[in-house]
Amino acid sequence: MKWEGDAPLSIHYEDKYYDTTHGPAESQAVFIAPCRLDELWHQGDFISIGETGFGTGLNFLKTWQEWAKARASARLHFVSVEAFPLKKADLTRALSPFTDLKPLADLLLVQWPPATGGFHRLIFDNGRVHLSLCLGDAALMLSRLEARIDAWFLDGFAPARNPAMWSPELYQQIARLSHPDTRLATFTSAGHVKRGLEAVGFSMEKQPGFNGKRERLQGRFEKAESGPDQSSPWYRLPPPSKGPVAVIGNGIAAHMMLAACHDHGLATIQIAAPPAAHAPPLPVALLAPRLDLGSSAWARLSLASMLFAWRSYDRLGVWEHPRGVLQLPNGKKGGKPARDVTRILNWPDEYLRLMSADEASTISGFPCDQDALYWPKAGCINPAVLYDRGAKADRLISAHADHLRPLSGPSGTGQAGWQICDQGGKALCEAATVVIAAGPGSAALLPPSLAAALPISRQNGQISLLPPHPLPKKSLYHEGYLSRSVKTAAGERRLCGHPSAFSDDARKALGLDAGAEAPCEIWTGQRVITPDHAPLAGPLFDGEWFKDAYAGARIDKNRRDLPCARIIRGFICSRGWGREAFKPRLWQHLGSPHKLRVRHPPSKSTKDSIIIRRVS
């Protein structure tokens, strides 16, 4: 963007972002009032608003303000696409004139992500307000979304200046995500926009414009819902289950799932074995980036998850301060990979800095001979504190879950839920939806036919807790890792993994050489992994049915003459997270009762079965 006086203008489209005199009033008159959001604040559990063109976030902030004034009972989920997100400094300046919105704007700015394409979820007001930022081309980003939108704000730059956005492809996606009575408003009155929206099922009318503009458009979706997208039948989801969500497990995955359910207003039951029956939580965890800079779904998930984890742990206040992790170069490539990362991501210094060898040596306290990456927001967390400060289940059952029994609903209605039983067959509880997050014990809970459809294995691991030491001043990682001295229940310790990956000189300087004191403690455990090391998360499917029905897709990935997915109602899988479990991004999608999820095609996880993944 650029500035003409106090007016922000888009460099790409040579158009203003908002009415510099009446910005919030324009949002109210052009979008909020025409969509009659006051009728929706107290209808249902959620109100979902979709927007094309986040810009400065003025529409989101004004909507949030109106929602708060109305003391709305429905939670607010605002989904907005933006191809050219503003830098934080520009966003701060652009919002500064609107003092009435400053308290909300400050909360937005604290969580504002760097300009990384993909989906970013920001959570406010103790989980009652969600902002999903979809950074990329509008039609493309909406095509990757599953949602049921109640109102649309079409606020991209003027069609004459940004014709690529106002396209039939965009209108088709808007219609796909709408339901009968979805409202829509836009500032433009262009004839081709009106005709394009009417062609996909909206009834549109012209109304007087705002502040001297002659006309604008508003309307409603009147076409019957088209049902699941038959071009991608594997995306079909069952309707949301009613009743509580039962979460089986007591590790990081289970606690992240409880937090996601809390953020979506869902009642929860946690079934966890007594503390003596399972290993204690990891005393301390080092949360540092493991980047995949490609364009795959997994690469996008990795980046978005890392950013979401930093925001989530900021909200909970579970960091061991001071934060900051220095990523040392690997192998013989020297500092070139570090320079490539900073060039590709192009993130501001508050997220990532390229440090010279001298700077890295100063900040770490031991000699570095190559450029390195410094991640100011990464660092150590205490899982026990995370469990204590995170969301709690509405009901806790301290028992060992042994197996599940399906519950039958009224005649003709199909399965009604699940009964969770102990080893003796006694029913511990009943729930409409069950999330299995029990680590290595997960497979034993599943019926054999389901367990066979999820190719997982166990992997042993251990870490060493070393005595405190002045070095390093900042936590380090590359092929191995070493944290700075942090507080644990047993006193100050350093978390160490793969110390042999450090050079001889580095081990000596850091107190890791053969003559150093033995570890205070060795923590061992198991994690569940998949063949491609990507987690499995989402509704479970009928594996045997998929092998037959989707056999052709293993030969021809472009086939679409496939039946809609046969999903096992009320069963959610959360397995194979490994080291990714401390990145809570996907839990928000698993917990969403309103089907706001990201779409990606199925991946062939093994030669024997097809695993459907939704990752974002």
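Taking segment 321-410 and the helices (runs of 4 or more DSSP H) fully enclosed by it, the elements with 2 or more residues that are under 30 Å from Met256 (Cα atoms) are at 336-345, 383-389.
Residue-wise test of (1) under 27 Å from Asp38 (Cβ atoms); (2) at pLDDT 95 or above.
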| site | (1), (2) |
| --- | --- |
| Ser143 | no, no |
| Asp150 | yes, yes |
| Asp155 | yes, no |
| Arg161 | no, no |
| Leu170 | no, yes |
| Arg183 | yes, yes |
| Val193 | yes, yes |
| Val200 | yes, yes |
| Phe210 | yes, no |
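All conditions but one from (1) open to solvent by 60 Å² or more (accessible area, probe 1.4 Å); (2) more than 25 Å from Glu205 (Cβ to Cβ) apply to Arg36; the one that does not is (2). Can you confirm whether Ile381 is surrounded by 16 or more Cβ atoms within 10 Å (Cβ to Cβ), within 18 Å of Ala254 (Cα to Cα), modelled with pLDDT of 95 or more and not assigned by the TED database to the domain that holds Ala509? It is false that Ile381 is surrounded by 16 or more Cβ atoms within 10 Å (Cβ to Cβ), within 18 Å of Ala254 (Cα to Cα), modelled with pLDDT of 95 or more and not assigned by the TED database to the domain that holds Ala509.
One residue stands out among those in segment 438-482 that are farther than 26 Å from Pro535 by Cα and outside any strand (DSSP E or B): the one that is nearest to the chain's Cα centre (by Cα), which is Lys474. Going by what's in this entry, would Lys16 be described as touching a strand residue (DSSP E or B) at 6+ places or on another chain (Cβ under 7 Å), free of Cβ contacts under 8 Å to residues at least 12 places away in the same chain and of a type in the set (Lys, Arg)? Yes, satisfied.
Contact map, segment 209-223: residues that are crowded, with 18+ Cβ neighbours inside 10 Å and acidic (Asp, Glu) paired with residues that are part of a strand (DSSP E or B) and at pLDDT 95 or above, Cβ distance under 9 Å, separation 6+ or inter-chain. No pairs are found.
With closer than 26 Å to Glu544 by Cβ and open to solvent by 20 Å² or more (accessible area, probe 1.4 Å) as the only criterion, which of Pro455, Pro468 stands out?
Exactly one residue qualifies, and that residue is Pro455.
The lone criterion from (1) assigned to a loop (DSSP other than H, G, I, E, B); (2) at pLDDT 85 or above; (3) within 26 Å of Ile123 (Cα to Cα) left unmet by Ile269 is number (1).
Every residue, every condition in (1) assigned to a strand (DSSP E or B); (2) under 25 Å from the mean Cα position of the chain (by Cα), yes or no:
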site	(1), (2)
Arg493	yes, no
Cys496	yes, no
Ser500	no, no
Ile522	yes, no
Val528	yes, yes
Ala537	yes, yes
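In this structure, is Val341 over 19 Å from Trp112 (Cα atoms), among the β-branched types (Val, Ile, Thr) and in contact (Cβ under 8 Å) with a residue 60 or more places away in the chain? No, not satisfied. Here segment 281-297 is the region considered, the condition is being over 15 Å from Tyr313 (Cβ atoms) and open to solvent by less than 40 Å² (accessible area, probe 1.4 Å), and the residue that is modelled with the highest pLDDT is Pro283. One residue is enough: does segment 448-456 have a residue meeting the conditions small (Gly, Ala, Ser) and closer than 30 Å to Glu492 by Cβ? No; the residues of segment 448-456 include none that is small (Gly, Ala, Ser) and closer than 30 Å to Glu492 by Cβ.
Considering only residues of segment 134-173 that are without any contact (Cβ under 8 Å) to a residue 60 or more places away in the chain and small (Gly, Ala, Ser), which is surrounded by the fewest Cβ atoms within 10 Å (Cβ to Cβ)?
This residue is Ala160.
Per-residue answers, yes or no, for (1) surrounded by fewer than 20 Cβ atoms within 10 Å (Cβ to Cβ); (2) within 29 Å of His179 (Cα to Cα):
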| residue | (1), (2) |
| --- | --- |
| Leu40 | no, yes |
| Ile47 | no, yes |
| Thr52 | no, yes |
| Arg71 | yes, yes |
| Lys87 | yes, no |
| Thr92 | yes, no |
| Leu95 | no, no |
| Ala115 | yes, no |
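Just one of the numbered conditions (1) open to solvent by 20 Å² or more (accessible area, probe 1.4 Å); (2) farther than 25 Å from Glu359 by Cβ is not true of Lys508: (2).
Restricted to strands (runs of 3 or more DSSP E) entirely inside segment 1-87, those with at least 3 residues that are within 28 Å of Asn162 (Cα to Cα) and under 27 Å from the mean Cα position of the chain (by Cα) are 46-52, 75-82.
The requirement of being outside any helix (DSSP H, G or I) and under 21 Å from the mean Cα position of the chain (by Cα) is fulfilled nowhere in segment 92-105; no residue meets it.
A single member of Ala25, Ala29 is open to solvent by 20 Å² or more (accessible area, probe 1.4 Å), of a type outside the set (Asp, Glu), assigned by the TED database to the domain that holds Arg161 and over 23 Å from Arg93 (Cα atoms), and it is Ala29. Just one residue in the set Arg614, Arg554 is in contact with a Lys or Arg (Cβ under 8 Å, 6 or more places away or on another chain), modelled with pLDDT under 70 and open to solvent by 20 Å² or more (accessible area, probe 1.4 Å); that residue is Arg614.
For Ala553, the test of being in a loop (DSSP other than H, G, I, E, B) and among the hydrophobic types (A, V, I, L, M, F, W, C) is failed. If you go through segment 299-349 and keep only what is small (Gly, Ala, Ser) and at pLDDT below 85, you end up with Ala299, Ser302, Gly331, Gly334, Gly335.
Going by the structure shown, is Glu39 closer than 19 Å to Ile174 by Cβ and acidic (Asp, Glu)?
The answer is no for Glu39.
The values are calculated or read from the model by the stated rules, or taken from the named source; none is laboratory data. Predicted model only: the values in this text are computed from it and were never measured. Neighbour counts are summed over all protein chains in view; Cβ atoms, including those assigned to glycine, are modelled from backbone coordinates with ideal geometry. Calculation scope for accessible area: heavy atoms of the full protein, side chains included, ligands and nucleic acids excluded. Shrake-Rupley method; radii C 1.70, N 1.55, O 1.52, S 1.80 Å.
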